[in-house]
Amino acid sequence: MNIAVLIKQTIDMDQLKTNENGEPILDNLPLKLDILSKNAIEAAVQLKEKYGGEITGISFGTDKTTSAIKEAYAMGVDTGVILKGYKKSNPHVTANVIYEYIKDKNFDIIILGNQSSDSYSGILAPVLSEKMKIPLLSNAIGIEIADKNVKATLELEEYNVIQTQAMPVVISVAQEINNPRLPNVMQIMKAGKKEIKIIDANPNYSDSPNVISNTAPKSERKRIIFENTDDGVAEISRLLRGASR
């Protein structure tokens, strides 16, 4: 079985700060492997462990994306590919770049997170499915293989459904599908020595929308100070009860 797992590297949102105008400060922010990419990698590795096969990790990124691929190696990915040329978030551009690379590779399963922690657009999986002209199993929380068919449990708002599709398929996974493994020291060291294939993608951003502004909403704290502890506790309790109604 030939599995592709799509990997995204994002900024560390926990360390994101804004300036006095509410604009995000992006300079020198640390990068990390997106949490839902970890779920996708774990799902792919579990399939390989149970059914056999090879996993190719693919990321549309930059020279800095090597750290994400190395982490994917440590988790169990066999081959890592960086499609170089990422400049800004545009799911349609990303889908075009990835499609051009994978269209002739005969992958049985293409796995990715159902969204990413920086944009939460959820667009990539359906766009890629449409371009490939293959079925999409969306928001999967369970995956099984039988012959050349994929049976997936899909999470909806009020209930789950079980759907079966013949390979090849695109599968977007929800975070609830698994708990990504933590590689040990030996796996991390071994991953650092593996080769990463870097390909110039030369993406076309000409049709990308221009972002006019990107600002955080302003929030002012009331800064209420209670000199008397008992009065403060009682007032806070009252306010919390009122807010919960």
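Every number in this text was worked out from the coordinates using simple rules, so none of it is lab data. Remember, it's a predicted structure, so these values are computed and weren't measured experimentally. Positions of Cβ are backbone-derived with ideal geometry, glycine not excepted, and every protein chain shown enters the neighbour counts.
Before we move on, is D34 crowded, with 16+ Cβ neighbours inside 10 Å and among the acidic types (D, E)?
For D34, the condition - crowded, with 16+ Cβ neighbours inside 10 Å and among the acidic types (D, E) - is met.
If I filter the stretch 89-107 down to residues being surrounded by 18 or more Cβ atoms within 10 Å (Cβ to Cβ) and not in a helix (DSSP H, G or I), which single residue comes out as nearest to the chain's Cα centre (by Cα)?
It comes out as N90.
Please verify whether the stretch 2-16 includes one or more residues that are outside any helix (DSSP H, G or I), under 21 Å from the mean Cα position of the chain (by Cα), small (G, A, S) and closer than 30 Å to N149 by Cα.
Yes: one or more hits.
Mind checking whether some residue in the stretch 79-88 is buried (at least 21 other Cβ atoms within 10 Å of the Cβ), within 13 Å of K8 (Cβ to Cβ), more than 13 Å from the chain's Cα centre (by Cα) and not β-branched (V, I, T)?
yes
To keep it simple, each residue is scored yes or no on (1) touching a Ser or Thr at 6+ places or on another chain (Cβ under 6 Å); (2) more than 30 Å from E49 (Cβ to Cβ); (3) of a type in the set (S, T, N, Q); (4) outside any helix (DSSP H, G or I).
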site: E176; (1), (2), (3), (4): no, no, no, no
site: L182; (1), (2), (3), (4): no, no, no, yes
site: M189; (1), (2), (3), (4): no, no, no, no
site: Y205; (1), (2), (3), (4): no, yes, no, yes
site: N214; (1), (2), (3), (4): no, yes, yes, yes
site: K222; (1), (2), (3), (4): no, yes, no, yes
site: I225; (1), (2), (3), (4): no, yes, no, yes
site: V233; (1), (2), (3), (4): no, yes, no, no
site: G242; (1), (2), (3), (4): no, yes, no, no
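Of everything in the stretch 44-73, what is over 17 Å from the mean Cα position of the chain (by Cα) and closer than 23 Å to M1 by Cβ? Give them in sequence order.
Q46, L47, K48, E49, K50, Y51, G52, G53, E54, listed by residue number.
Of the residues that make up the stretch 57-72, is at least one more than 19 Å from I196 (Cα to Cα) and either crowded, with 22+ Cβ neighbours inside 10 Å or out of contact with any strand residue (DSSP E or B) (no Cβ under 8 Å at 6 or more places or on another chain) (or both)?
No, every residue in the stretch 57-72 fails to be more than 19 Å from I196 (Cα to Cα) and either crowded, with 22+ Cβ neighbours inside 10 Å or out of contact with any strand residue (DSSP E or B) (no Cβ under 8 Å at 6 or more places or on another chain) (or both).
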